[in-house]
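Written out below as structure tokens is the structure these notes cover.
The values are calculated or read from the model by the stated rules, or taken from the named source; none is laboratory data. None of the values given here were measured: they were computed from a predicted structure. Backbone-built Cβ (ideal geometry, glycine too); neighbour counts: all protein chains shown.
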Amino acid sequence: MVLAGGTGGLGSAVASRLVAEGARVILSFHSNRERALLWQDRAVVIQADLAAAEDRARLLAAAPNLYGLVVFAGDPARVNEPGEVEAAMRRSHEVNYLGPILLAREAAARMRTSRVEGAIVLFSTMQANALFPASTAYAAQKAALQHAARILAKECRGPSNIRVNVVSPGVMAAGMAEPSIASGKYDRFLQEGIINRFGRAEDVARAVRFFLEPDNYITGQVLCVDGGITL
Ligand SMILES: NC(=O)c1ccc[n+]([C@@H]2O[C@H](COP(=O)([O-])OP(=O)(O)OC[C@H]3O[C@@H](n4cnc5c(N)ncnc54)[C@H](OP(=O)(O)O)[C@@H]3O)[C@@H](O)[C@H]2O)c1
């Protein structure tokens, strides 16, 4: 299995689950080497910027006969000043859409060549499924990712039987949402009774594991793991 961006808050939970089941796991990170090296005894760890073609190729080359690809890499594309909007949108395009979708396409091509009926899982967000003010830079690229993932699923159905699905988390008490939770930004979801708790990384791990099941009959789906926030 290749878990791209798998050293982060959600990726670590999935990696722990897969390693415990005996899977051979390759984790990629981008800039946080210290966090990534915590995994070096249990997994192969590779530095890769998914926006760079040569890094994507190096990552996939490390996994001949790849069965499972999960792409966690993402950037919250936070904007603090109006002047930062354009840069945030460009960064979001690269990290939340372009890199993950190109990697997924390249992985699917390799699976087809090696005749592996594989599984690909991409990561979106609740902000791509409901409208949250001030999330344009982040959410619109994730919405594009969902659409592209469904196109890829259609291209991969049939004899090649490569399943492509998307997990769309809500507010998880792990990874990139931790600073926002700590700031109280999402408390209203609890106070207004919209959810009964924030999500856990393990909630996401269960959904990913489901999509990685070798004999499942599900492709082109977006599974919201958000406790009902986007209903
Ligand atoms: N946590 C949540 O509540 C939540 C909610 C909705 C959606 N999501 C989505 O879930 C996914 C995982 O998020 P997370 O919470 O686990 O975030 P995280 O802890 O920040 O992890 C993000 C991962 O992506 C990697 N990454 C960042 N930029 C990259 C690049 N250019 N190329 C390759 N890898 C890159 C990071 O590597 P380094 O750390 O080494 O830089 C890290 O491994 C993301 O796609 C996010 O949008 C999360």
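Quick one: which residue in Ser160, Ser124 is touching an Asp or Glu at 6+ places or on another chain (Cβ under 9 Å) and of a type in the set (S, T, N, Q)? Steps first, answer last, please.
Working: Ser124 fails: touching an Asp or Glu at 6+ places or on another chain (Cβ under 9 Å).
Residue meeting the stated conditions: Ser160.
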Practice item. Within segment 195-231, track down each residue that is aliphatic (A, V, I, L, M) and surrounded by fewer than 15 Cβ atoms within 10 Å (Cβ to Cβ). Key: Ile218, Leu231
Exercise for review: Identify all residues within segment 41-54 that are in a loop (DSSP other than H, G, I, E, B) and near the ligand (Cβ under 10 Å from one of its atoms); write none if there are none.
Suggested key: Ala48, Asp49, Leu50, Ala51, Ala52
Study note, to complete from the structure: Over segment 174-197, the set of residues over 19 Å from the mean Cα position of the chain (by Cα), part of a loop (DSSP other than H, G, I, E, B) and small (Gly, Ala, Ser) is Gly184, Gly193
Point to revise | Yes/no for Ala62 being buried (at least 18 other Cβ atoms within 10 Å of the Cβ) and out of contact with any Asp or Glu (no Cβ under 9 Å at 6 or more places or on another chain) | key: no
Review point. Can you name every residue in segment 3-38 that is surrounded by fewer than 13 Cβ atoms within 10 Å (Cβ to Cβ), touching a residue at least 12 places away in the same chain (Cβ under 8 Å) and within 11 Å of the ligand (Cβ to nearest atom)?
Key: Asn32, Arg33
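Is it fair to say Ala63 is of a type in the set (A, V, I, L, M), at pLDDT 95 or above, away from the ligand (no atom under 14 Å from the Cβ) and in a loop (DSSP other than H, G, I, E, B)? It would help to see each step written out before you state the result.
On the way: of a type in the set (A, V, I, L, M): yes; at pLDDT 95 or above: yes; away from the ligand (no atom under 14 Å from the Cβ): yes; in a loop (DSSP other than H, G, I, E, B): yes.
When the stated conditions are applied, Ala63 passes them.
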Check your understanding: Can Ala57 be described as within 14 Å of the ligand (Cβ to nearest atom) and over 23 Å from Val204 (Cβ atoms)?
Key -> yes
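Got a sec? Which helices (runs of 4 or more DSSP H) wholly within segment 75-173 have at least 1 residues that are buried (at least 21 other Cβ atoms within 10 Å of the Cβ), basic (Lys, Arg) and under 12 Å from the mean Cα position of the chain (by Cα)? Explain how you work it out, then say what you get.
On the way: elements: 85-92, 99-113, 136-156.
Hits in segment 75-173: 136-156.
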Point to revise | Test for Phe189: is it over 23 Å from Ala144 (Cβ atoms), within 15 Å of the ligand (Cβ to nearest atom), of a type outside the set (Gly, Ala, Ser) and at pLDDT 95 or above | key: yes
